[in-house]
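Student: The structure under discussion is supplied below as structure tokens; questions concerning it will follow.
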Amino acid sequence: MKRVTCLVAGLMLFAVFAAAQAPAAGQKQGLAASLQTAYGTLKGNMTQAAEKMPESNYRFKPGSDPELRTYGQWIGHQADNQFTNCATIKGVANPSPAQSNEKKASKAELVKALAAAFNFCDSAISA
């Protein structure tokens, strides 16, 4: 269990540090390009984390606090966040009901929901 928590924390830190890297000497990177790079890193890390985690660990909870989300609920929560944020960016209604993905139970459903969320966001971020 400790290993899973460390893996998730490591992936999140990697995404932050990878996105924060300065461009090579002599190159300038604008805000839009920087955000697109950060989004690409986040998308890759989240997708891999969701796909590589065994189904049995989707019920893992890093502590005994009843308010803590399981790993699966956390993946669903991230999908819900992507839908909400990108709907706001696009100026459209959220196509996914609030907290609906967080309530999904199986790994297959959650991986599919995360992919759908990133698919919805791709056009908003690339613009």
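The values are calculated or read from the model by the stated rules, or taken from the named source; none is laboratory data. As the structure is a computational prediction, the values presented were derived from the model and not from experiment. We place every Cβ from the backbone using ideal geometry, glycine too, and count neighbours over all the protein chains shown. The accessibility values were calculated without ligands, DNA or RNA, using every heavy atom of the protein model including side chains. Shrake-Rupley method; radii C 1.70, N 1.55, O 1.52, S 1.80 Å.
Student: Can you find even one residue in the stretch 78-100 that is under 22 Å from L35 (Cα atoms), part of a loop (DSSP other than H, G, I, E, B) and open to solvent by 70 Å² or more (accessible area, probe 1.4 Å)?
Tutor: Within the stretch 78-100 (the criterion being under 22 Å from L35 (Cα atoms), part of a loop (DSSP other than H, G, I, E, B) and open to solvent by 70 Å² or more (accessible area, probe 1.4 Å)), the answer is yes, since at least one residue qualifies.
Student: Now for a different question. Could you please tell me which pairs satisfy a Cβ distance under 8 Å, a separation of 6+ or placement on different chains, a first residue in the stretch 36-63 that is over 14 Å from D122 (Cα atoms) and of a type in the set (S, T, N, Q), and a second residue that is open to solvent by 30 Å² or more (accessible area, probe 1.4 Å) and assigned to a helix (DSSP H, G or I)?
Tutor: That search, which allows pairs on different chains as well, returns N45/L11; N45/M12; N45/F14; Q48/L11.
Student: Also, quick follow-up: Do we find that L35 is open to solvent by less than 70 Å² (accessible area, probe 1.4 Å) and touching a helix residue (DSSP H, G or I) at 6+ places or on another chain (Cβ under 8 Å) in this structure?
Tutor: no
Student: Okay, moving on. So for the stretch 6-18 (the condition being modelled with pLDDT under 65, surrounded by 13 or more Cβ atoms within 10 Å (Cβ to Cβ) and either in a loop (DSSP other than H, G, I, E, B) or in contact with a Ser or Thr (Cβ under 7 Å, 6 or more places away or on another chain) (or both)), does at least one residue qualify?
Tutor: yes
Student: When only residues in the stretch 60-77 that are among the aromatic types (F, W, Y) and part of a helix (DSSP H, G or I) count, which is least open to solvent (accessible area, probe 1.4 Å)?
Tutor: Only one residue fits best here, namely Y71.
Student: Right, another one. In the set T41, T47, which member is part of a helix (DSSP H, G or I), of a type in the set (S, T, N, Q) and under 15 Å from A116 (Cα atoms)?
Tutor: T47
Student: Could you check the stretch 49-69 and list, in sequence order, the residues that are of a type outside the set (G, A, S), within 15 Å of E109 (Cα to Cα) and out of contact with any Gly (no Cβ under 7 Å at 6 or more places or on another chain)?
Tutor: Scanning the stretch 49-69 gives E51, K52, M53, P54, E55, N57.
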